[in-house]
Structures are given as C-alpha cells and as structure tokens.
1. Computed from these coordinates, which is Rg/Rh (Cα atoms, Kirkwood Rh): (i) 0.95; (ii) 1.22; (iii) 1.19?
2. How high is the relative contact order of the chain, given as a whole-number percent (alpha carbon pairs under 8 Å, six or more residues apart)?
3. So, by mean Cβ neighbours within 10 angstrom, what's the order for 257-265, 453-461, 154-162, 274-282 with the highest one leading?
4. Determine, for each peptide in 430-443, 106-119, 293-306, the mean count of other beta carbons within 10 angstrom over its residues, then list the peptides with the highest first.
5. Given the -39500 (n - 2.57) contribution per DSSP H run of 4+ residues, what per-residue ellipticity at 222 nm results for the chain, rounded to the nearest 500 deg cm²/dmol?
6. By counting other Cβ atoms within 10 Å of each Cβ, how are 424, 429, 61 ranked from fewest to most?
7. Treat the count of other C-beta atoms within 10 Å as a stand-in for reagent exposure and order 125, 329 from fewest to most.
8. Rank-order 284-291, 10-17, 416-423 by packing density, defined as the average count of other C-beta atoms within 10 Å over each peptide's residues, highest first.
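Rule-based calculations on the coordinates, nothing more; no lab input. Small disclaimer: the values here were computed from a predicted structure and weren't measured. In this analysis, Cβ positions are derived from the backbone assuming ideal geometry, glycine residues included, and neighbour counts consider all displayed protein chains.
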C-alpha cells in the first residue's frame with residue numbers, strides 16, 4: 001500500500017500556524033513512508049471562500065517548502081462527482097430528502113432544550129414526519145444521510161488510541177443543501193476515497209466529525225483511512241492561539257524576518273519530539289517522524305524560542321540559502337544591494353547579532369548607503385576633539401594600504417594605537433563611529449573591508465569635520 005496523506009485547508013482565511021503544523025505533519029509522514037502528499041482546497045463554502053485566501057495558502061505552502069505530489073484539487077470543481085454519490089445513497093435508501101424548514105427545526109430545538117433533552121435533528125419527530133409526508137416532488141429540500149441508529153463507531157486514532165462514539169449520539173447530517181451544494185463532511189469522504197488517502201492528519205477539533213465520516217465511508221463501500229488528531233496550539237498565556245497572539249498568517253512570519261526552515265523546525269516540536277533534540281534538518285525530520293510519537297497534550301507557542309531558532313539558522317545555514325530570503329527584506333527596505341558587498345558577506349558579518357532578517361537588513365544599511373547623521377550618543381562619547389589625532393593618523397595609514405584585507409586592516413589599527421601609545425579602544429571606537437555612524441558593528445577589519453577603501457576614507461573625513469567643528473565650538 002502506498003501511503004497517501006493530504007492537507008485540505010478551507011480558503012476562508014490565511015494559512016495560520018495550526019494549519020501549517022498539520023500540513024507539516026502530513027507532509028513529513030508521507031515523506032517518511034515513501035508516500036505521496038496531496039494538497040486539496042476545500043472551497044465548497046462559496047460565499048466565504050476567496051481567491052485571495054487560495055493564493056495565500058499556496059504561497060504559504062511554497063514558502064515553507066511543503067511541496068505537494070498531487071493537486072491542488074478544488075472541491076468546487078467536483079460537484080458532479082459529489083452529486084453522483086448523493087444519488088447513489090438515495091437510490092440505496094442510505095440517504096433521504098428532508099423538507100423541514102429552518103424555522104421548524106429551530107422550533108423543535110427550542111422544545112428539546114425546554115424539556116432538557118439533547119438538542120438534535122430527529123427524523124422521527126411528528127412535525128418533521130408531517131412536513132415530509134405532505135411535501136411534493138420539486139419542493140426545496142435537503143438530502144440527509146441515514147446514520148445507523150444502533151451500535152458504535154470505533155476507530156484507532158494514531159495519537160489518541162481507541163475512540164468510541166455511540167451512533168445514538170449522531171444525527172442524520174445534511175450531505176446536500178437545498179441550493180444543491182454538497183456539505184463538508186460528505187465531500188471529504190468522497191475526496192479521500194477518490195484520491196486514495198490512507199492517513200488523515202488533522203486537528204482535534206475534527207474528532208466529532210470522524211465518526212460521522214466513517215459511517216459515510218462504510219455506506220459508500222469506501223476504505224476507511226487511518227486518523228491522527230493533533231492537539232491544539234496554545235499561546236504563551238495558555239489561551240487558544242489566536243490573532244491577539246499575532247497568529248494571523250504564516251506569511252506574517254516571513255514579513256517579520258523568519259526563515260522557513262526555522263519555522264518548520266519550531267512547528268515540528270509543537271507536539272512531536274525525539275528525545276531532547278531541538279535542532280532538526282529537514283532530512284532528520286523525515287527520517288525520525290512518526291504519527292504515534294505526537295503528543296496528546298496541547299503545546300504552547302513560545303516566540304522567544306522561535307527567535308532563538310531563527311538566529312541559529314541565520315548563523316548556521318548555507319549563506320546562499322539565507323541570502324535568498326534576505327534579498328526580499330533588502331528590497332522591502334529599499335536597500336540597493338548593488339552598491340555594496342554580497343549578501344553572503346553581510347550574513348557572515350552580522351547574523352550573530354540579529355534575531356531576524358528584518359534586523360539583519362536594517363543593521364546592514366550603512367554598508368550600502370551613506371548614513372544621514374551620526375548616532376547622537378555615540379558621537380558625543382567618541383567623536384571628541386581628543387579623537388582627532390587618532391582619526392588623522394589611521395586615515396593616513398589606511399590611504400597607504402594597498403592590501404585591503406582583514407589582517408592588514410587590523411594591523412593598521414593596532415599600529416595606530418601603538419604609535420600614539422593608547423589602547424585599541426581610543427582608536428577603534430572613533431573609527432567605528434566614523435565609518436558606520438554608530439557605536440556598534442562587526443569587527444572593524446571586516447567592517448572596513450566590506451565598506452571599501454574609498455568610502456571608508458571619505459567617512460573618516462566626514463568624522464574629522466565633525467570633530468573639528470566640535471572643537472571650534474568649545
């Protein structure tokens with residue numbers, strides 16, 4: 001048997017963190033078993049589904065690197081198939097027409113609640129029987145699945161073990177609305193059957209749907225997939241993850257400067273583990289992943305942990321990989337990278353200090369363009385008249401440099417300090433403020449090399465003008 005999993009989002013919103021983790025688990029299980037991963041867009045809710053949401057889902061999946069082997073399939077293009085199966089169930093008396101109006105059903109529900117009975121659809125209620133008996137062919141109606149009344153639905157959940165639901169707890173759900181559109185629970189079953197889905201990985205909020213769907217699989221004579229229901233993700237305050245935690249869209253994490261491999265590494269650990277290991281390559285995830293090692297307990301989203309992982313991947317990933325994503329942020333911040341060093345050089349110099357690609361791009365600006373002004377605090381502290389001699393001497397030595405390498409530049413700074421008989425900081429800090437405009441940067445030799453000789457000399461001259469003006473003002 002070829003293992004086949006699927007991710008089947010509804011395009012009524014963006015791809016959020018919970019959906020992304022479900023997609024990742026489904027993708028990993030298919031890959032770990034040498035199987036196939038299917039992407040299906042469940043867009044039967046015509047009024048709420050949007051093309052914008054479809055595009056956001058596809059973009060999010062692609063950004064995360066979760067490529068699909070089949071699809072994307074769209075339920076909205078399969079209505080003929082669903083209707084064919086509805087007619088099959090009608091012909092076999094496994095489904096029936098119901099003419100009861102919404103108003104009548106609301107009235108019956110109110111009566112049931114008043115009598116402290118379970119509020120549910122009851123095909124044997126006298127008022128429903130009367131309406132159905134009086135109806136004529138052609139009147140608007142829904143099609144309901146004739147759910148078994150005896151026994152139980154028992155299934156072995158890969159995460160939660162055996163689950164048993166009595167059929168008496170399940171009512172006759174609608175499988176086709178009065179406007180002719182099929183419903184979610186029915187479409188899912190037909191799709192999984194037609195697409196050969198063997199394993200369904202989804203959130204625990206679907207557990208109540210599973211026994212209903214299993215009964216439909218049985219009625220159609222379709223094989224029943226193996227199910228795995230993942231626990232929810234909580235915010236760091238213990239509440240269900242929501243927009244107030246910033247969980248709007250996976251692409252928001254791209255916008256905030258996260259690498260996709262950092263996010264997938266973080267998501268895989270929200271419910272799954274392999275000992276105490278925290279860092280996983282994609283291949284390690286595939287090799288080690290299994291459904292029955294997913295935790296039954298809810299996981300808490302921790303932004304600090306994600307930031308730590310992101311910094312780790314920025315520092316340790318192939319610089320070319322990081323540069324591919326950094327480019328987007330440089331463009332977004334209007335930084336023209338043609339006017340400075342290669343992005344891989346910037347990553348090597350600055351990634352240690354930055355937690356996100358947004359920070360990395362922002363902190364690299366002085367490598368590509370002239371800073372507007374000196375940082376006030378840094379200039380006040382380090383561009384004082386006493387720094388003039390050090391700046392003049394180091395500029396003279398740098399002008400004479402033919403070898404603009406790290407080692408040579410470091411030696412120039414050291415020689416300047418030795419000649420003036422001062423500590424390295426008395427030369428290095430004024431020089432740093434001169435060439436970057438601020439008081440922090442990578443090591444000065446690397447910073448000078450990446451900025452280049454001509455611009456470095458020019459910036460030192462600018463700093464000297466500032467120092468001289470300050471000296472004159474005293």
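1. So the calculated entry is the one marked (iii).
2. 13 percent
3. 257-265, 453-461, 154-162, 274-282
4. Ranked by mean Cβ neighbours within 10 Å, highest first: 430-443, 293-306, 106-119.
5. So the helix-based figure for the chain works out to -15000 deg cm²/dmol.
6. Ordered by Cβ neighbours within 10 Å, fewest first: 424, 429, 61.
7. Working: 125 17, 329 21.
If I rank by nearby Cβ atoms, fewest first, I get 125, 329.
8. Values: 284-291: 17.2, 10-17: 19.4, 416-423: 14.1.
Highest to lowest by the protection proxy: 10-17, 284-291, 416-423.
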